[in-house]
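Notes for the one structure printed next.
The values are calculated or read from the model by the stated rules, or taken from the named source; none is laboratory data. In this text the structure is predicted, and so the values were computed from the model without any measurement. Here the Cβ positions follow ideal geometry from the backbone for every residue, glycine too, while neighbour counts run over all protein chains shown. SASA here: full protein model, heavy atoms, side chains in, ligands and nucleic acids out. Shrake-Rupley method; radii C 1.70, N 1.55, O 1.52, S 1.80 Å.
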Amino acid sequence: MAEDADVIVVGGGLAGLVAATEIADAGKHVIVIDQEGEQNLGGQAFWSFGGLFLVDSPEQRRLGIKDSHDLALQDWMGSAGFDRADDHWPKRWAEAYVAFAAGEKRDWLRAMGHRIFPVVGWAERGGYDAMSHGNSVPRFHVTWGTGPGVVEPFERRAREAQASGRLTFRFRHRVDALTMTGGRVDGVSGAILDPSTVRRGESSSRHVIGDFTLRAQAVIVASGGIGGNHDLVRQNWPKRLGDAPKNMISGVPAHVDGRMIGITEAAGARLINRDRMWHYVEGIRNWSPIWPMHGIRILPGPSSMWFDASGRRLPTPLFPGSDTLGQLQYIMSTGYDYSWFVLTQSIIKKEFALSGSEQNPDLTGKSWLMTAKRATNKGAPGPVEAFKTHGVDFVVRDNLADLVAAMNALSGDHLLKLEDLQLQIEARDREIANPYVKDAQVMNIHNARKYIGDRLIRTATPHRILDPAHGPLIAVRLNILTRKTLGGFETDLDSRVFGSDGQIMPGLYAVGEAAGFGGGGMHGYRSLEGTFLGGCLFSGRNAGRAAAKAVV
Ligand SMILES: Cc1cc2nc3c(=O)[nH]c(=O)nc-3n(C[C@H](O)[C@H](O)[C@H](O)COP(=O)(O)OP(=O)(O)OC[C@H]3O[C@@H](n4cnc5c(N)ncnc54)[C@H](O)[C@@H]3O)c2cc1C
């Protein structure tokens, strides 16, 4: 049967766009298929904060951060905790990815016009020993223009290829099956969905108006993860994290439905590490939702006090921003699937950032003036203040008694006792008077402020939580928010997929979240953050280059 293109890419998210543009630039013809409409091009990456993991960058050096490939690899391996036979390719991907992040990643992006905000963030700080989880130094480089700024160079390249006839988009085409001839994947078939005018990110209809079959020499699966499908998340939930939460909110749009993962597996592809996922514990329900159960993740600075549902402070070193999965495991062990931040206006002003392009109009809009106001404004950034006013998970009161009463009313569980919280907050507050202390979280605040980036825009001057001069008091109910799929299709470094028989499946590639960002899970158990977009860039690029070479 005649081919419709050299290569078919399933998914027009970041990973698919990167793969497709590499193929088109190599002079081959590629079709990009997506179940959503054209308005959704770029997938999740558009909504992202645009944070990128880079190692020993000029931005880090300017801030006095001494980073190196060896330090980053030590941190990566300490976080990943690779421990199974299936980790052979994930580990090789991890090594290759850290070398990419310490090598050509920044220059490659820069040559396409990508730019970085000068203050480097410090995500996943760990708090254990040097060989365990966490970033030893700040490495989270926010894209100037956030998520749209990451998508832009690849969309531009794709549009150029489209204009020259080397790339064709097929929107509202939903792939339902991979086709195979003589053991080789040679196309896709599926349903044509009715045209959709919903806004980007909103759920679109699944009304079928036709069907299609397309043929090519190779197919690249770039269909994202499972985070929008809570049934699948619960089904794959690992026992080590306790029971799956009853209540979760969604950090991703509904198109992150995991359906194509099942379809690809049914065609014989080997899915590994499906029990590894990356969900956040600082989720707040969006007061102005775009997608179903839309939640936003707070990217917290280190000062908020963190209490479980019963009012016990989370144990050391589970401070805000230290160890996402450690916190998830602890919270699920309490028997409740929510927890609380208690903080002051001074803390929210300096330390709350919300992950997502639409929550950061200053950075997304590339406005230096608006961004500078983060440091000088009296209040928190506009979107944070809006959550404080409209968000259902926020409680703002002038005194602790009223705050605790309102927290109990909000949860409906009435587990919190004023005297318990007061005792713990006053004890912590007594530790503030000296710059050297016993309380590990307060020590952690002093440590953070030794880094100029944190001192400037991320860590409030240490103060007593109950000091009215820093009020009002704020409590935030934190929900579990689904986001990333760390496992995926097992691939070699060319992103070629292995079959269930352990052999490469000719003609089939997998990239981005569908491939666990490379190899079937290059993060292992835990991420250092900013590694997901980067994983899409790296795996998409490898697959695109390899597939372009392989087709004749
Ligand atoms: C709010 C938010 C903030 C984030 N912030 C960061 C950050 O700062 N740093 C970072 O590294 N990562 C971040 N991420 C994660 C990152 O954006 C995603 O992991 C990444 O963009 C996934 O890209 P992808 O191309 O693999 O998949 P997707 O973006 O999910 O794209 C997959 C595409 O495939 C299509 N598709 C699926 N199935 C089919 C089918 N059967 N037929 C046809 N089409 C199909 C979908 O419609 C979709 O368009 C964030 C994510 C979100 C949502």
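A few comments on the model shown:
- When the Cα gyration tensor is reduced to axis lengths a ≥ b ≥ c, the ratio a/c is 1.5 or higher for the range 376-467, and with a/b not above b/c it is classed as oblate.
- Residue-normalised accessible area of the range 27-105, expressed per residue, 1.4 Å probe, Å²: 36 Å²
- When the pairs K350/K450; K246/K484; K66/K366 are compared against a 20 Å limit on Cα-Cα distance, K66/K366 fall above it.
- With every protein chain in place, the chain: carbon and sulfur % of accessible area (1.4 Å): 53 percent
- Each Cα pair under 8 Å and six or more residues apart adds its sequence gap; the mean of these over the residue count of the range 260-407 is a relative contact order of 22 percent.
- Shown here for the range 1-83: trypsin sites (Lys or Arg not before Pro) in loop regions (DSSP other than H, G, I, E, B) with at most 16 other Cβ atoms within 10 Å, namely K66.
- Rolling a 1.4 angstrom probe over the protein heavy atoms with all chains in place gives the range 407-465 an accessible area of 55 Å² per residue.
- Global geometry of the chain, whether rounded, prolate or oblate, following the gyration tensor of its Cα atoms and the 1.5 cut on a/c: prolate
- Summarising the strand pairing of the chain, around 75 percent of its internal DSSP beta bridges are antiparallel.
- When shorter helices are ignored and each DSSP H run of at least 4 residues is given -39500 (n - 2.57), the per-residue value for the chain at 222 nm works out to -10000 deg cm²/dmol.
- These residues, D67, D420, D129, go from largest to smallest accessible area, 1.4 Å probe, as D129, D420, D67.
- Among E59, E104, the order of accessible area from largest down is E104, E59, computed with a 1.4 Å probe on protein heavy atoms.
- The alpha carbon gyration tensor of the range 222-286 gives principal lengths a ≥ b ≥ c with a/c of 1.5 or higher and a/b no greater than b/c, which makes the shape oblate.
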